[in-house]
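Presented below is the structure to which this report refers.
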Protein chains: 2
Amino acid sequence: LEGEHQVTTEEKMAQLFSARARELHAPVYGAAGQERHDSISLAFGLADPALFPREELLAATAAVLADDASAALNYGMSYRGFDEQIAERLRREGVDADADNVLVTHGSGQVLSLLPDVFVDPGDTVIVEGPTFMGAVKKFALAGANLVAIPIDRDGMDIDSLEEQLRDMAAQGRRPKFIYVIPTFQNPTGTVLSLERRKKLVALAAEYEVPVIEDDAYIDLRFRGERLPSLLSLDTAGWVMRLGTYSKILAPGLRIGYAYGRPEFKQRLEMFKSEGTTGPYITRVVAKFAENGRLDRHIDALNDLYRHKADVMAQAIEQHFPREATFLRPDGGFFLWVQLPQGVSAKRLLERAREHGAEFLPGGNCYAGGRAGDDAIRLAFSEQSAEQIQLGIERIGRAFADM
Amino acid sequence: LEGEHQVTTEEKMAQLFSARARELHAPVYGAAGQERHDSISLAFGLADPALFPREELLAATAAVLADDASAALNYGMSYRGFDEQIAERLRREGVDADADNVLVTHGSGQVLSLLPDVFVDPGDTVIVEGPTFMGAVKKFALAGANLVAIPIDRDGMDIDSLEEQLRDMAAQGRRPKFIYVIPTFQNPTGTVLSLERRKKLVALAAEYEVPVIEDDAYIDLRFRGERLPSLLSLDTAGWVMRLGTYSKILAPGLRIGYAYGRPEFKQRLEMFKSEGTTGPYITRVVAKFAENGRLDRHIDALNDLYRHKADVMAQAIEQHFPREATFLRPDGGFFLWVQLPQGVSAKRLLERAREHGAEFLPGGNCYAGGRAGDDAIRLAFSEQSAEQIQLGIERIGRAFADM
């Protein structure tokens, strides 16, 4: 009959999905899901393959398989010795860290996915920076979080603006579920939250009883200037939870990150970590690689390389971009954030840059809501070689000239 | 004041947990979370470390790091070539498999955790076998599933009983969310679902429009007799979804499994797979290991070893257990299921066995609800050496004599 609807097997099966599974959303892969082009991409914070420690990883694998294969290859928990290494690194920051409170994960991105499971019911408020790492924030939004973005200046998140927000919400009897912040070499701006603001943020968290999720993916990648204390190390009341990753300091493909914080935080994350532990094998390989100062020496080598590439990028920008394009020279991390000249649209600049064979991330991709940010671009100096960076910036320079 | 309650920081934070996170439940680790003793454990299906292919895994790692490190160690998806290997193995079973429908996971246990996310709202019915693999079924129960157990005989799940259940539910306008079945060398009974029953199960799934989750962890571990077609290979209507694992045929510690089925099944699993892809590194290492028939040769070697150990166990049982303890001689898998003599309690037998220095899994641990099964025990011949198996069975024999 006309208009009659034949129920397909797909539809019959879809009737069986849980309430949460019915509204399909695609997984958020970040850089990994992007298509690569022949042009020079400065768009994503990939690692530089030139410094992947291939021989050392192979040696670590050989040692684990020779000495510890029975435990590494059978069923088992993540390697306790790796939890202890992570706790030891936190103690070097001045945190009174306990290995029991470390949860090793498949990248810190996994923790970002689990955060809304732990904290967010639809309509709950989550505070983020604007601009920020949208790979994280999209996951909060998918869980139905009401995102409130606090602006950033050259000293990081504007803490007065945050305080105002917390005060307003408290006056209405409301409490945000958490504050998501990247205090060190922020993604995308490369800014570092000042010491004064760090202290105030930690104090506000305790006063308003709001957890702070400190995503410190770049904390070890300081190639200039002095290290500031982490939020976790400043926190005495226990409201700061820390996300760390081995993606930036070793290799993203190994998928190793961690969460550190209160025992009940770890317990809740574990509830939703569907695969159980991160496994006895890969945690042993990474721990073996890292031991005897090898990870520290590798980080030193990374910082030498990234300092050079950041400087090359800054110099090339000064040479090829219009003088009205301004930026902060980064002291670490993976990114450089360029404020465009008045009236230049990041999206339209990208169209031209692609014609010249270069890619970057338009600033709008770094703001929840997507309306703000077309006046800035993010450039990654992490992946490409110094030569490619120079060439890429030169090509983007030509795109400016076209406009 | 007496009776006044000081609100702790823990409690203040707990107020922020999502509705789902508020009711804490411990993660289900199965064998991995168990404490090991000095006594001989025949309780868990761990792999035999004697056959971990250490040299070959190291060679595969060396090849990946030498030839493909840039892709393996950077951000990226799971290795497409591994999806294709899995699809090719399914095609050898007679499945018209498409690599696009393979989802590689951190062990098939991860898929078991994700299944309730995809299908189960509290109160939904899930059909399982009785006895079955409680590591899986506990996860369904935690999500609030109403479990219905279908009995097993020597030909596997009693399909007539299943049909009756489906008919009764349909008469009430109800449909189970899925049927979870281990058709080949079932855990814990070691039984194989007969060909006739396989065909009927697949037909019932299509008739009643109920997904079948075929957990075929042991399908390749047949060391005697002829292979039966998998449910997936018999299914033309698309209601069967397959779980596979490399834990039993390679090494559990690598945490590699997969799901195969309809595209919308894969999509939904991905929604809840918090860490994104299983990663470019470990999937390349396993694929490199498996290529050129290496995995098949390894499986042949495993089957030679497991056949021997199963036979040793059967012989030792005949020698040391009372004649009234009966069992099916397994043709594959990891387990042997012993029906105890009338009046012997599995739990009480375990108390005695522990005194003699041996462990097994009491049958009650294999039934949802926990009331049934105290008349049987599960013995794993997978982990221990032939000598340890003989000694362990002899010790359990002494426990029988004590009762």
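The values are calculated or read from the model by the stated rules, or taken from the named source; none is laboratory data. Note that the coordinates shown come from a computational prediction; the quantities given were computed from them, not determined experimentally. Cβ sites come from the backbone with ideal geometry, for glycine too, and all protein chains shown count toward neighbours. The protein model used for the area step is the full one, side chains on, heavy atoms only, and it has no ligands, DNA or RNA in it. Shrake-Rupley method; radii C 1.70, N 1.55, O 1.52, S 1.80 Å.
How big is the Cα convex hull of region B:249-366 in projection, averaged over all directions, in nm²?
11.4 nm²
With the Cα gyration tensor of chain B giving a ≥ b ≥ c as the square roots of its eigenvalues, does the rule (a/c under 1.5 for rounded; else a/b larger than b/c for prolate; else oblate) give rounded, prolate or oblate?
Taking the square roots of the gyration eigenvalues as a ≥ b ≥ c, chain B is rounded.
Given region A:287-328 reduced to its alpha-carbon atoms as identical point scatterers, what log10 I(q)/I(0) does the Debye formula return at q = 0.17 Å⁻¹?
-0.58
Starting from the Cα of A:Lys248, draw a straight line to each of the lysines and keep only those under 25 Å, dropping any in the same chain fewer than 8 residues away.
A:Lys138, A:Lys139, A:Lys266, A:Lys273, A:Lys288, A:Lys309, B:Lys273
Can you tell me the FRET efficiency between A:Asp96 and B:Leu391 if r is taken as the Cβ-Cβ distance and R0 is 41 Å, rounded to the nearest 0.05?
0.30
Any idea what diffusion coefficient the protein assembly as shown gets from Stokes-Einstein, in µm²/s, Kirkwood Rh on alpha carbon pairs, 10 °C, 1.306 mPa s?
Rounded, D is 56 µm²/s.
Label-to-label distances across copies for A:Lys199, with labels 7 Å out along Cα→Cβ, in nm, shortest first?
Reported distances to equivalent positions: 8.1 nm.
Send over the per residue convex hull volume for region B:320-367, Cα only, as a whole number of Å³.
About 103 Å³ per residue, rounded to a whole number.
Which residues does the label zone of B:Arg174 cover in region B:113-135, counting backbone N under 17 Å from a point 7 Å along Cα→Cβ?
Under 17 Å, as judged by backbone N against the label point of B:Arg174, lie B:120-129 of region B:113-135.
Shape of region B:112-175 from its Cα gyration tensor (a ≥ b ≥ c, root eigenvalues): rounded if a/c is under 1.5, otherwise prolate when a/b > b/c, or oblate?
Oblate.
Of A:Gln267, A:Gln110, A:Gln342, which is the most mobile in a GNM of chain A whose springs link Cα atoms less than 10 angstrom apart?
A:Gln342
Work out which GluC sites (Glu not before Pro) in chain B are exposed loop sites (DSSP not H, G, I, E or B, at most 14 other Cβ within 10 Å) and give the longest gap free of them.
Looking at chain B, B:36-225 is the longest stretch - no exposed GluC sites (Glu not before Pro) with at most 14 other Cβ atoms within 10 Å.
Given the options B:Ala290, B:Ala205, B:Ala21, state which has the largest fluctuation in a GNM of chain B using a 10 Å cut-off (strictly under) for Cα springs.
The residue that fluctuates most here is B:Ala21.
Quick one: label points 7 angstrom along Cα→Cβ at A:Gly123, distances to the other copies in nm, smallest first?
Nearest first, the other copies' label points are 2.1 nm away.
Excluding residues fewer than 8 places away in the same chain, name every one of the aspartates and glutamates whose C-alpha is closer than 12 Å to that of B:Lys177.
B:Lys177 reaches B:Asp117, B:Asp121, B:Asp124, B:Glu209.
Using a probe radius of 1.4 Å on heavy atoms only, what accessible surface per residue do you get for the protein assembly as shown? Whole Å² is fine.
39 Å²
Which ³J(HN,Hα) values in Hz, rounded to whole numbers, follow from the phi angles of region A:152-159 under the Karplus curve 6.51 cos²θ - 1.76 cosθ + 1.60, where θ = phi - 60° and Gly and Pro get x?
With coefficients 6.51, -1.76 and 1.60, one gets 10, 10, 5, 9, x, 3, 6, 6 Hz.
Rounded to a whole number, what is D in µm²/s for region A:205-308 from Stokes-Einstein with the Kirkwood radius over alpha-carbon pairs (4 °C, 1.567 mPa s)?
83 µm²/s
Could you pull the copy-to-copy label distances for A:Ala66, with points set 7 Å along Cα to Cβ, in nm to one decimal and sorted shortest first?
Those label-point separations list as 1.8 nm.
Per the helix-only calculation at 222 nm, which mean residue ellipticity applies to the protein assembly as shown, given -39500 (n - 2.57) for every DSSP H run of n ≥ 4 and division by its residues, nearest 500 deg cm²/dmol?
Counting only the DSSP helices, I get -13000 deg cm²/dmol.
Taking all protein chains together and a probe of 1.4 Å, list B:Arg175, B:Arg227 from the most accessible to the least accessible.
B:Arg227, B:Arg175
I'd like the per residue volume of the convex hull spanned by the Cα atoms of region B:135-210, given in cubic angstrom.
For region B:135-210, the hull spanned by Cα atoms encloses 85 Å³ per residue.
So how exposed is A:His308, as accessible area in Å² (1.4 Å probe, rounded to 10)?
Surface accessible to solvent at A:His308 totals approximately 100 Å².
Comparing B:Gln384, B:Gln319, B:Gln339, which has the greatest mean-square fluctuation in the GNM of chain B with Cα pairs linked when under 10 Å apart?
Answer for the Gaussian network model of chain B: B:Gln319.
What is the residue of chain A with the smallest Cβ distance to the axis taking A onto B, and what is that distance in whole Å?
Nearest residue, distance rounded to whole Å: A:Thr61, 2.
Hey, with R₀ at 22 Å, roughly what FRET efficiency would B:Arg329 and B:Arg354 work out to, going by the Cβ-Cβ distance, to 0.05?
Plugging the Cβ-Cβ distance into 1/(1 + (r/R0)^6) gives 0.25.
Calculate what fraction, in whole %, of the accessible area of chain A sits on carbon and sulfur atoms when a 1.4 Å probe is rolled over the protein chains.
45 percent
Counting protein heavy atoms only and a 1.4 angstrom probe, how many square angstrom of accessible surface do chains A and B bury in total, to the nearest 100?
Interface between A and B: roughly 7400 Å².
What is the spread of the Cα atoms of region A:38-124 along each of their three principal axes, largest first, in whole Å?
52, 45, 32
Sorted by accessible area (1.4 Å probe), largest first, how do A:Arg348, A:Arg20 line up?
A:Arg348, A:Arg20
If DNA, RNA and ligands are ignored and the probe is 1.4 Å, what is the ranking of A:Phe44, A:Phe321 by accessible area, most exposed first?
A:Phe44, A:Phe321
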